[in-house]
1. Rounded to the nearest 0.05, what FRET efficiency is calculated for GLU199 and ASP170 with R0 set to 30 Å and r the Cβ-Cβ distance?
2. With runs of 4+ DSSP H residues as the only contributors, calculate the mean residue ellipticity of the chain at 222 nm using -39,500 (n - 2.57) per run, divided by the residue total and rounded to the nearest 500.
3. Which order, highest average first, do 10-21, 115-126 follow once you tally other Cβ atoms within 10 Å for each residue and take the mean per peptide?
4. Grab the other residues whose beta carbon is less than 11 angstrom from that of ALA191, score K and R as +1, D and E as -1, and report the net.
5. Report the calculated FRET efficiency for ARG8 and LYS228 (r = Cβ-Cβ distance, R0 = 56 Å), to the nearest 0.05.
6. In segment 365-451, what percentage of the DSSP-assigned beta bridges are antiparallel, given to the nearest 5?
7. Normalising by the residue count of segment 365-451, find the relative contact order in percent from Cα pairs under 8 Å and 6+ residues apart.
8. Starting with the highest mean, order 320-330, 181-191 by the number of other Cβ atoms within 10 Å, averaged over the residues of each peptide.
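What follows draws every value from the coordinates through simple rules; no lab data is involved. Owing to the predicted nature of the structure, the values given are computational and were not obtained by experimental measurement. Note that we place each Cβ from the backbone using ideal geometry, even for glycine, and neighbour counts take in every protein chain shown.
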Amino acid sequence: MKKPSLPRGTRDFSPDTMVKRNYILSTIQAVFENYGYQPLETPALENLNILSGNYGEENDKLLFKILDSGDFLAKVKENPRNFDYRSLTPKISEKGLRYDLTVPFARYVVMNQHDITFPFKRYQIQPVWRADRPQKGRYREFYQCDADIIGTKSLICEAELVRLVEDVFDKLNIQVNIKINSRKILEGIAASLGAEGKEQAFFIAIDKLEKIGEKKVLYELEIAGFNKTSLEKVEEILSITGSNSEKISYLKALLGDIQIANDGLQEIKEVISLSSQLGSSHNYLEFDITLARGLSYYTGVIFEVKAEGVTIGSIGGGGRYDNLTGVFGLEGVSGVGFSFGVDRIFDVMTEMNLLSDSGISITRVLITSFDAELQNHGFVLLNKLRNAGIPSEIFPDVIKLKKQLNYANKKGIPFVVIIGQDEVKKGVYTLKNMISGEQIEADLDALMQAVK
């Protein structure tokens, strides 16, 4: 007999958990559609040549590869032990599970460019997979909710995403901090350090700041070849504090002769201004020079969101990518997007007691049965309730009423209809409110009104 188990980093979701998750998903989806985004889905599987090389060396290691069907070693003419895993993988695996939703989206845009109206605004709510080490708030299979605009370089798009993020978390009642930075500013800092050719190492190290601390970041930069003077300048930059405008002014004075840094600072300033015109209160928005975002395809403004009052990491992030479609042959199509981490949002809301355990059932009304004849009367009512759009079910077995009421209680069904001989004679129903315990006799119209 096999012992049932799950792969580490994956989970089953019970019905009550799914109702709560669906509440989060439907809230996010409603905001997406209110901002004019259209739904899209792409396959769980992508060709590895589509996925590889877009996430940076560190993140590419987290791709789940799928062995070719059948005798996957048939194409390997030499002893497989003569290969390291990097050179062996292309010979035995052509496909992988998607790592995120952005690269598949870019692939879709290129393949369907003649059918798309640009700027193209799409949202996508699907699972992704990463071969990461499972820990609190970090899973190997998890959902992302992405909103992207592609086909325009307008910073209105970044500002609109700020407002969209604020709207989502306001509706979910989560107090958040939206961090904003620009890869252009980071590139300018790298240039000021004399780090030509080491930009990616700089981004990767800075991205680990919160995880490993400043000392270890500086150590990694030293290992990467940054000299003592450069490391001292990094320390100075990491210690910058003040308001958004004060940080921008400080960096302009520090990096004023580096054009790409000036461009990035101007973009940050404009996004903050535009988001204000779109209704942002800026209570959440913080210019954070240490924000790097590890994915290598970002080129401009980047975002990251964390919930206040909990220890879980980021619950969303995104940014501008100027030429991701160029990898697939369509040059110069700029996009910007944001991704919500549903699983972490769920964990945050659970920790903050924002997801109620009451009223979790989808079913609104349970119809009970004393015998087969009375059950037939229940069928008539069942059809009328469902036709009226009231989620209802009838207990399938003729058993004691107490057991049927226990069933309603365990499922969190708020109303139970009791049909006895007296009710049939009078042409009414007994409606029991399972929360308050109140019972009333009601005709069909009154019953409908009560359960709605």
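1. It comes out at approximately 0.25.
2. -12500 deg cm²/dmol
3. Packing proxy ranking, top to bottom: 115-126, 10-21.
4. -2
5. 0.85
6. 55
7. Contact order relative to length: 29 percent.
8. Highest mean packing first, the order is 181-191, 320-330.
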